[in-house]
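Structure first, then comments.
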Amino acid sequence: MQVSMKLEVRDTPGQLVAALMPISDVGGNIKTVIHEHDFSSDKGSLGVEVVIEIPPERLDSLLSLFRERGITVIRFGEERMHYQQSVILIGHLVHTNLGDTVDRIDKTGFAEVTRMSLAMPAIHERSSAKCTIKALSREHMDKAIEILRDVSRQKDILMIEPLEF
């Protein structure tokens, strides 16, 4: 089974490795690690997002190891969407209802916008955004990208696609 987690670890040297060791100790396979330097808490900790493959019967052992080692699991869930692509959108994104653009992907049920990084230089200038989409399958990703192409044409948004496969 593929699982996505957000962990909170102390902001001291060696803690990233210490947070990942329990995954290896229970026979899990690390697929993705994102060390979030901009995550902050009043406890002096950092966020680490991981996607792992792990036999379902070993999940409880992993969570116990995390607790024993002082690693807090902030978010936990089975990873349904295995395909990811990012595009760049350039235009009057906020004025053309960015929420509506995201909703058109999210409401499909087979794809969702999982990250959005927006840059707005000035109120009347074009903005730009990196938009990351996850989908259930390659075919679903193709459909989601096509929806985004249609929305971009309707809203006069330049879409630069995709950044990764």
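At a glance:
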| read-out | value |
| --- | --- |
| The stretch 1-151, relative contact order [Cα under 8 Å, separation at least 6], % | 23 percent |
| Per-selection metrics, the stretch 103-149 (Cα): Rg and Dmax in Å | 12.6, 38 |
| Count, lysine Cα pairs under 26 Å in the chain, 8 or more residues apart or across chains | 17 |
| GNM result for the chain, Cα springs below 10 Å: residue of Pro22, Pro55, Pro121 fluctuating most strongly | Pro121 |
| For the chain, accessible area per residue (1.4 Å probe, heavy atoms of protein chains only), Å² | 57 Å² |
| Rounded percent of accessible protein surface that carbon and sulfur make up, the chain, 1.4 Å probe | 51 percent |
| Nearest-ten-degree value, helix 59-68 long axis tilted from longest Cα axis of the chain | 70 degrees |
| Degrees, to the nearest 10: 138-155 long Cα axis against longest axis of the chain | 40 degrees |
| Among [x] 132; [y] 196; [z] 171, the entry derived from the coordinates for volume of the Cα convex hull per residue in Å³ | [x] |
| Residue with peak Gaussian network fluctuation, the chain [Cα springs, cutoff 10 Å], from Ile133, Ile30, Ile123 | Ile123 |
| Relative packing of 90-100, 2-12, which averages over residues the other C-beta atoms within 10 Å, highest first | 2-12, 90-100 |
| Percent breakdown of C-alpha pair distances by 5 Å bin, ordered from the shortest bin, for the stretch 86-165 | 3, 16, 30, 27, 15, 6, 2, 1 |
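The values are calculated or read from the model by the stated rules, or taken from the named source; none is laboratory data. Note that the structure is predicted; figures quoted are calculated from it, not measured. Backbone-built Cβ (ideal geometry, glycine too); neighbour counts: all protein chains shown. Accessible surface areas use protein heavy atoms only, side chains included; no ligands, DNA or RNA. Shrake-Rupley method; radii C 1.70, N 1.55, O 1.52, S 1.80 Å.
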